[in-house]
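Shown next, in structure tokens, is the structure this report addresses.
Here, each number is a calculation from the coordinates, and none is a lab measurement. The structure displayed is predicted, hence computed values, not measured ones. Methodologically, a virtual Cβ is constructed for each residue, glycine included, from the backbone with ideal geometry; neighbour enumeration extends over all protein chains shown.
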Amino acid sequence: MKWHEKMLNIDRRWIYLILGVAVIVPAVVSFHVPVNVTPEVRRVYDFIEDLKPGDIFYVGIDYDPASLAELHPMAYAILDQCFRKDIKPVVATLSQFGAGMAEQVLSEVAAEYGKESGIDYCYLGYKPYPAITIMLMGVDFRVPFPQDYYGTPIDSIPMMRYVHNFDDLKGVISLSAGTSSEFWIIYGYGRYFMPLALGVTGVMAADYYPYLQSGQIFGLISGIKGAAEYEALTEYKGEGLKSIPYQTTTHVVILAFIIVSNIGYFASRRSKK
Amino acid sequence: MRRQIPLYIVLVCGIVFVIQFFIPSHESEFIFEYGQDWVMVIGILALPLGIWSYLRKTWLTAVKKPKERFFAGVSLFGFAIMMLTGLKRESLMAGSLYMELFEYVLIPIQATIFSLLAFYIASAAYRAFRARSVIATMLLGTAFIVMLRLIPLGPISDVNQALVGWILSVPNMAAKRGLLIGIGLGAIATCIKIILGIERTYLGRD
């Protein structure tokens, strides 16, 4: 087998092994990767930063554990920013596996700031049928969520006493790894004109740029890089910035394999001529 | 008759809810809420059916296929344990067995399975991203530029970032917008066909 044929036919197990090593390297040798903040991420940060203490902001934890690595750091950084500025987040999840994760992130960040459930934040829990739940929240939060996650009736929660529907919120951010972000655009913005931002996984990001340009969403945080950008803005020490070296090394390896493959391809074509 | 009644229900509900969407009034809102309640009721009624179907299929697999008996057993055990530990409201609180199982079993399993994608993507990128034609070269070049944004390139980083921004918000958006308009028009046409009873595949083969 000629050298260029070898370059074209690398066994996949070698690819897996080298990628595995690339994933391990940043864990052994720590290094810093600078992060450029994109305008769509900055707009989300500025929007929350401009809210006044006491304002109500909705945070949707609409993802499942498969996307936790990319979206959980966003949730931590956004809730940290809300609590730091005394903004009161209303948190709910439209993902069936999201309830436990939302409880985890909310209770952790709230504990850091000594915030109390029902006074400084409200966790509504999970409801199925995202489209219907969003539309019903637009009518009254009490219809889809008569009680919060912990079983307290909504009317008994001090923070929610004067919060009835989207008119009482300043904005919404949905951190989503599925179709619920589209439901938020169609119903949350389309029907109720809620100022809406999205946090999505890296592979989903390209799908949402049209909504950004049309103004249907005011900001977009995409993937772990977006989470790292947000952490850089909020100065929150989370998993986003820590994950960037891992992404960098794996991308370097993937790009190197693409280059090797194309060198082999062109050399092979030339030798055939 | 078995086919006609559902068709009439779809026709009436479809027309009522299309009209309702464009009439902002209390009466219209009442109809909307009432309709949504019905959707939830139907969904809840479908849940026991789904559980029964899952249990029956897994049980039959365990009985008929000895090679898959172990996996069917694990599946049934997982179902039983999560259901039993999650019955009480207190199980939703941090520290309960249900939440511990969720946090230390389900989350790592799902995250691990998803992480394996990186290995498949690396292998697929090595085989697929070859400059075989003009279009393949354009795809390769675009993918290369977009992936480069995650790598620090010193002063070139800003230029690359701007280029990625342009790719995402001009050619990507043009293609996406065309697709979305097409999908939207297709969805409207399909909805009209369903409401008018022309499209009946949702009723099944019977």
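Structure above, values below:
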read-out: Other-chain or far-sequence residues with amide H under 5 Å of A:G199's (modelled H); value: A:S174, A:L175, A:S176, A:I221
read-out: Where trypsin sites (Lys or Arg not before Pro) fall in DSSP loop in segment A:180-240, at most 12 other Cβ within 10 Å; value: A:K237
read-out: Helix axis angle, A:239-272 relative to chain A longest principal axis, alpha carbon, degrees; value: 30
read-out: DSSP-loop trypsin sites (Lys or Arg not before Pro) across segment B:1-68, with at most 15 other Cβ within 10 angstrom; value: B:R2, B:R3
read-out: For segment A:217-273 and segment A:1-62, distance of Cα centres in Å; value: 6
read-out: In degrees, nearest ten, helix A:12-28 long axis to first principal axis of chain A (Cα); value: 60
read-out: Normalised alpha carbon radius of gyration of the protein assembly as shown [divisor 2.2 N^0.38 Å]; value: 1.09
read-out: Shape of segment B:117-169, Cα gyration tensor, a/c cut at 1.5; value: oblate
read-out: Cut-off under 5 Å, modelled amide H: who pairs with A:K127 long-range; value: A:T93
read-out: Relative contact order of segment A:65-201, defined on C-alpha pairs under 8 angstrom at six or more residues apart (%); value: 23
read-out: Net charge dipole size for the protein assembly as shown [Lys, Arg +1 and Asp, Glu -1 on Cβ; Debye, nearest 20]; value: 3000
read-out: Least to most buried among B:V105, A:V59 (fewest other Cβ within 10 Å first); value: B:V105, A:V59
read-out: Only Lys, Arg (+1) and Asp, Glu (-1) charged, at Cβ; segment B:65-115 dipole about Cα centre in debye; value: 280
read-out: Nearest 10 degrees, 0 to 90: helix A:130-139 Cα axis against chain A principal axis; value: 30
read-out: Share, in percent, of DSSP beta bridges within the protein assembly as shown that are antiparallel, nearest 5; value: 5
read-out: Cα convex hull volume per residue for chain B (Å³); value: 305
read-out: Relative contact order, percent, chain A [alpha-carbon distance under 8 Å, six or more residues apart]; value: 27
read-out: Farthest positive-ward along the protein assembly as shown dipole, Cα basis, beta-carbon charges - from B:S25, A:T234, A:M7; value: A:M7
